[in-house]
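Student: Here it is: the structure, laid out below.
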Protein chains: 2
Amino acid sequence: MKTSVSTADYLNRSVLEIEEALHMSLPQEWDIPPALRESMMYSLEAGGKRLRPILVLTAAEAVHSNSLARSQAMPVACAIEMIHTYSLIHDDLPAMDNDDYRRGKLTNHKVYGDAMAILAGDGLLTHAFYAITRSAALGTPPETALAIVSDLARLAGAPGMVGGQAADILGEQGVTSLAELEYIHLHKTSDLIVFSVLAGARIGGATQQQLESLQQFARKLGLAFQIQDDILDLIGDEAKLGKPVQSDVQQQKVTYPFLLGMEKSVALVERLTEESKQALADAKLANPDNLMAIADYLMNRDH
Amino acid sequence: MKTSVSTADYLNRSVLEIEEALHMSLPQEWDIPPALRESMMYSLEAGGKRLRPILVLTAAEAVHSNSLARSQAMPVACAIEMIHTYSLIHDDLPAMDNDDYRRGKLTNHKVYGDAMAILAGDGLLTHAFYAITRSAALGTPPETALAIVSDLARLAGAPGMVGGQAADILGEQGVTSLAELEYIHLHKTSDLIVFSVLAGARIGGATQQQLESLQQFARKLGLAFQIQDDILDLIGDEAKLGKPVQSDVQQQKVTYPFLLGMEKSVALVERLTEESKQALADAKLANPDNLMAIADYLMNRDH
C-alpha cells in the first residue's frame, strides 16, 4: 500500500508550518552567546520527518477540529521537537554513540565541539518547557499547560526517554531478552510519541477516557515505528534512509529482527499498527482521519 | 562580623529539611534503571550549602509567613537544587572543566562514566520541571506554577545559566573586560539566585512591585556571592573550602580579584551586599529578617 496523495500533502504542509515555527522559537531579543544560539538552531533546523510535532498538531485537531486548537498546539509541537533534537545531540556525543553524521550532516559536536554540544542540548531541553508556557499565552488553560509540563517531565525524563537511553547504554553488549528490548524501545521511542498525542489531545480538550485510549494508540504506534526502523536498517534503501544500511548490525545492536527474525518482525509491525488503529477508533474522536492515515503511513514508509 | 547563632541555626535546620525532601524527590514507584537513579541521587545528595533552595523557602516565608507557603515552596526548592546539581555534573565532564573531585567526593562521571553522567544531568534537569508541578498539587495556583516554569526555563536556559556557561567556555582564554566577566557571573550564578527568590516570593503571593524589588535584591546578592567565591579561592582556608585554594589561578581563570585587585573586590562585595539589602527593604515584606540575615551571612562566610 502506498501513502495517499492527500496524506503526503498533509504531512508536507505540516512540516513547512512546523519548520517556520521552529525557526522563530528562540526569541531574537534574548541575549544569548551567538555560538550557543547557532549550535542550538543548527540541530533544530537539520530536518527530519518532524513526526512528533505533526502528531501534536494532528491530535489537537482530531479532538477539536478548528484552527485555534492547531495554533495553541504549535508551541508544544516545537517543544517536543526540541526534546527530540537535544536527545539526538547528546546521543551522538563521543561519550555516548560517537556519531559523526546525522541525516547526512555533521553532528553538532563535530561542528561546535563537545562542550558546546552538551550546552546546546541542555539549552534545547530547558527551552522546551518555556515553549509550553507560550501555549498558555495563546489561550491554553493553565491547568492544561501544567498537565503537559508534568507529562513531558515524566515521559522525557528518568522514568521515560532518559531512562530508555540509560537502559540502552547499560545493555549495549548484554540485551538478550525481548522484555529488555521492549523496555528500551518503549522509553527511548514510544514515550515521546505518547507525549505528543496526549499533549495535542489535551489542548483539543479530550476527555479522560479519550486520553486513555489515545495513550494505547500512541504506545503501540511508537513500538511499531521503532520496529519498522529496525527493519529498514536491515533492508532499506541507503539513499532514502540518509545513512548506511545495516549500521545496527555493524554496531552489534540487538534489534527486533535480530531476536525474532524478519518475518515475525514484519508481522509484529502490522499487528501493532492494527491494534493502535483500534485504540484510536475506541477514542471516538471528532476527526480521527489524519491520525489514522499517519498510522498507515508509518507502517508503509521506506525511510 | 560573625553569623549570628540564630541565623546559623535557621540555615542548618533548613538544610536538614531540604535534604529530607531531596531524598524523597524521585518517586520510588517509578521504573528507572537502577544505575541511572543511583547516579542522579549520588550528586543530588552530595551535600553543599543548599543556598538556592534555602532562598526559595525563605523568600516564600518572607512574603507570607505561614507554614503552608513553606511546604508549597519545598518542591520548587528541590527543583532548583536539581538544576544546580545537573549543571555541576555537566560542568565537571572531561569535555567541559574535567574535574575529578567536587566537595571532596569523586565527580559523577568518575564514578558512573561519562555517558551515565550526561544522562543523570539530563534526568535531573527534566525532573526539576516535574517537581514544580508537585507544588501545584500542594495548592500553589496553576497560574503561579506556570509562571515559575517560565522563569526557570528562561533563567536556567540559553538566555540564563546555560548562556553563562557557554560564555565562560567561549571566553576561557580571552575574557579581558569586566563587562564580559559580569555577563558570565550574572548568568552562571545570579540567574539561579534570582529564580530562587522570585519563585519563593510568587508562592508567598508577592505583588508585581515586590517581585521587581526582589529581583534587584537577588541579582546583586548573586553577584556579591560569586565575587566572594573568587576572593575565597585566593585567600580561603582549604579545609573549609573543601578544595585547593588558588585553583582559579592554576586554571588561569579570569576573576574579579584578577581584574580589579583584591581591595576593590572586597569593597565591591560590601557595596553590592548593601545595595541588595536596600532593594530588599524596598520590597516591604511582612517578614524579611531571614533574607536580610542570609545577605550578611554570604558576605561574611569563609567557605
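Student: Can you tell me which of B:A279, B:A293 is under 22 Å from the mean Cα position of the chain (by Cα) and farther than 24 Å from B:G48 by Cβ? Show your work before the answer.
Tutor: Values: B:A293 fails: farther than 24 Å from B:G48 by Cβ.
Checking each option against the conditions leaves just B:A279.
Student: Would you call B:A69 buried (at least 21 other Cβ atoms within 10 Å of the Cβ), more than 14 Å from chain A (Cβ to nearest Cβ) and in contact (Cβ under 8 Å) with a residue 24 or more places away in the chain?
Tutor: Here the answer is yes, as B:A69 does meet what is asked.
Student: If I ask for residues that are under 20 Å from A:P159 (Cα atoms) and of a type outside the set (A, V, I, L, M, F, W, C), which ones from region B:115-149 would you list?
Tutor: If the condition is that a residue be under 20 Å from A:P159 (Cα atoms) and of a type outside the set (A, V, I, L, M, F, W, C), then B:G121, B:D122, B:G123, B:T126, B:H127, B:Y130, B:T133, B:R134, B:S135 are the ones that fit.
Student: Also: Assess whether A:S190 counts as being over 24 Å from B:A95 (Cα atoms), free of Cβ contacts under 8 Å to residues at least 12 places away in the same chain and among the hydroxyl-bearing types (S, T, Y).
Tutor: Values: over 24 Å from B:A95 (Cα atoms): yes; free of Cβ contacts under 8 Å to residues at least 12 places away in the same chain: no; among the hydroxyl-bearing types (S, T, Y): yes.
Criteria not met by A:S190.
Student: Given (1) within 14 Å of another protein chain (Cβ to nearest Cβ); (2) aliphatic (A, V, I, L, M); (3) in contact with a Phe, Trp or Tyr (Cβ under 9 Å, 6 or more places away or on another chain), identify the lone condition not met by A:L11.
Tutor: Result: A:L11 passes all but (1).
Student: Determine whether A:A128 is of a type outside the set (D, E, K, R) and closer than 24 Å to B:I83 by Cα.
Tutor: Criteria met by A:A128.
Student: Filter the helices (runs of 4 or more DSSP H) completely within region A:186-256 down to those with at least 3 residues that are touching a helix residue (DSSP H, G or I) at 6+ places or on another chain (Cβ under 6 Å) and crowded, with 23+ Cβ neighbours inside 10 Å. It would help to see each step written out before you state the result.
Tutor: Numbers: elements: A:191-204, A:208-235, A:238-241, A:247-250.
Answer list for region A:186-256: A:191-204, A:208-235.
Student: Condition (residue is closer than 25 Å to A:A8 by Cβ, surrounded by fewer than 17 Cβ atoms within 10 Å (Cβ to Cβ) and aliphatic (A, V, I, L, M)) applied to region A:265-288: is it met by at least one residue?
Tutor: Yes, region A:265-288 contains a residue that is closer than 25 Å to A:A8 by Cβ, surrounded by fewer than 17 Cβ atoms within 10 Å (Cβ to Cβ) and aliphatic (A, V, I, L, M).
Student: Condition test on A:A137, is it at pLDDT 95 or above and within 22 Å of A:M161 (Cβ to Cβ)?
Tutor: Details: at pLDDT 95 or above: yes; within 22 Å of A:M161 (Cβ to Cβ): no.
The answer is no for A:A137.
Student: Just the residues that are free of Cβ contacts under 8 Å to residues at least 60 places away in the same chain and assigned to a loop (DSSP other than H, G, I, E, B), please, taken from region B:33-66. Step through it out loud before you land on a result.
Tutor: Just the residues of region B:33-66 that are free of Cβ contacts under 8 Å to residues at least 60 places away in the same chain, to begin with: B:33-34, B:37, B:41, B:45-50, B:66.
Hits for region B:33-66 are B:P33, B:E45, B:A46, B:G47, B:G48, B:K49, B:R50, B:N66.
Student: Another question, if that's okay. For A:V63, all conditions in the list (1) surrounded by 12 or more Cβ atoms within 10 Å (Cβ to Cβ); (2) within 14 Å of another protein chain (Cβ to nearest Cβ) hold save one; what is the number of the exception?
Tutor: Result: A:V63 passes all but (2).
The values are calculated or read from the model by the stated rules, or taken from the named source; none is laboratory data. No experiment lies behind these values; they were computed from the predicted model shown. Glycine gets a Cβ as well: all are built from the backbone with ideal geometry, and neighbour counts include every protein chain shown.
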